[in-house]
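Beneath this line is the structure, given in structure tokens, with notes to follow.
The values are calculated or read from the model by the stated rules, or taken from the named source; none is laboratory data. This is a predicted model, so every value here is computed, not measured. Reconstructed Cβ throughout: ideal geometry from the backbone, glycine too, with neighbour counts over all protein chains shown. Heavy atoms of the whole protein, side chains included, go into the accessibility calculation; ligands, DNA and RNA do not. Shrake-Rupley method; radii C 1.70, N 1.55, O 1.52, S 1.80 Å.
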Amino acid sequence: MARALAAGVAGMLGVAVDLSDVPELLRIAASYPGHVWVSAGCHPVDVVERGAVSYDKLLSWAALPEVVAVGETGLDFHHAPQHPQLQRDAFRAHLRERTA
């Protein structure tokens, strides 16, 4: 990180592939405020392997100033054709709007 900043890299985005990645990415972002931001989400392959995405957890992370995006997300029926409904449900959780 120090070398990247010294080389003139202005900012970086840490993209969570799995929800378990988010706490570590938040820790890194806190160590480099104004230089590192976080995208919180779960790749569809990991949804199939680990189960449903918690909308409440995503919403709580999305409220943090370090979290500037939601993702990794989407549908991947090529690499993870099993459990298409689980992928769809997780994708909807990523896209769901706060209504309250």
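Considering Cα pairs under 8 angstrom that are at least six residues apart, work out the relative contact order of the chain and quote it in whole percent.
Numbers: 150 pairs, mean separation 27.4, N = 100.
Answer for the chain is 27 percent.
Across 91, 77, the residue with the most accessible area heads the list, and the full order at a 1.4 Å probe is 77, 91. Summing +1 for each Lys or Arg and -1 for each Asp or Glu among the other residues whose beta-carbon sits under 12 angstrom from that of residue 20 gives -3. Taken as Cα centroids, region 65-93 and region 16-62 sit 12 Å apart, rounded to the nearest whole angstrom.
Just from its helices, what would the mean residue ellipticity at 222 nm be for the chain, if runs of 4 or more DSSP H residues each count -39500 (n - 2.57) and the sum is divided by every residue, rounded to the nearest 500 deg cm²/dmol?
Calculated at 222 nm, the ellipticity per residue is -11500 deg cm²/dmol.
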